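The next block holds one structure in the form of C-alpha cells; read it before the comments.
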Amino acid sequence: MIGRLNHVAIVVRDLEAATALYRGTLGARVSAAVDQPEHGVTTAFVELPNTKIELLAALGADSPIAKFLERNPDGGVHHICYEVDDIVAARDRLLAAGARVLGSGEPRIGAHGKPVLFLHPKDFLGTLVELEQA
Ligand code: CO
C-alpha cells in the first residue's frame, strides 16, 4: 500500500541555522522558508536526489511542535512521510486493521498542497507516520 518515502521531517529550533547547515556543511539544495500559519510551522525543504528532508520550525505560541521542542531541546526527527495512491482507501484499511488516525480522521491539505493524514506513533513502532496522497 505505501509507496515512496516522500520526506523525513526534522524539527529545528533555528530554521536559518538549519538551512545554513544543510546548504553549507552538507552541500544540499534547500528551498526558501515558507510560513504555514494554518499548521503553526515554518518549513524549508532539503531537496535530495531520492527524497526530501522537511525542516520544521515552530510558528506562533501554540505551534503543534512546541511540545516536541520542550522534550527535545535540540530538535530531532519528528515524522516520516510515505506516499499512497488513495489516501481515503489507505485510511479505511488502516482503521479496519485497528490503527489510530490522528485528528478528525479526515485528510487535511498538508505542506505540499496535497491531502495528508497522520498515524499514531504507538501503532507504528514509536514513529509518527504521515501519509500523503501523491
Ligand atoms: Co511532513
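The values are calculated or read from the model by the stated rules, or taken from the named source; none is laboratory data. The structure presented is a predicted model; accordingly, all values stated were derived computationally and were not measured. Quick reminder, even Gly has a Cβ in these numbers, built from the backbone with ideal geometry, and neighbours come from all protein chains shown.
Odds and ends about this structure:
- Test: residue in region 53-72 that is modelled with pLDDT of 95 or more, among the polar types (S, T, N, Q) and more than 16 Å from the ligand (Cβ to nearest atom): yes
- Filter result (in a helix (DSSP H, G or I) and either closer than 14 Å to residue 48 by Cβ or more than 17 Å from the chain's Cα centre (by Cα) (or both)) within region 1-24: 16, 17, 20, 21, 22, 23, 24
- Selection within region 6-20 - over 14 Å from residue 75 (Cβ atoms) and away from the ligand (no atom under 11 Å from the Cβ): 20
- Candidates 35, 85, filtered to the one that is farther than 24 Å from residue 122 by Cβ and in contact (Cβ under 8 Å) with a residue 60 or more places away in the chain: 85
- Contacts under 8 angstrom Cβ, first residue in region 93-106 being under 18 Å from residue 79 (Cβ atoms), partner surrounded by 11 or more Cβ atoms within 10 Å (Cβ to Cβ) and among the acidic types (Asp, Glu), 6 or more apart: 99/123; 100/123
- Lone unmet requirement of (1) in contact with a strand residue (DSSP E or B) (Cβ under 6 Å, 6 or more places away or on another chain); (2) on the phi > 0 side of the Ramachandran plot for residue 101: (2)
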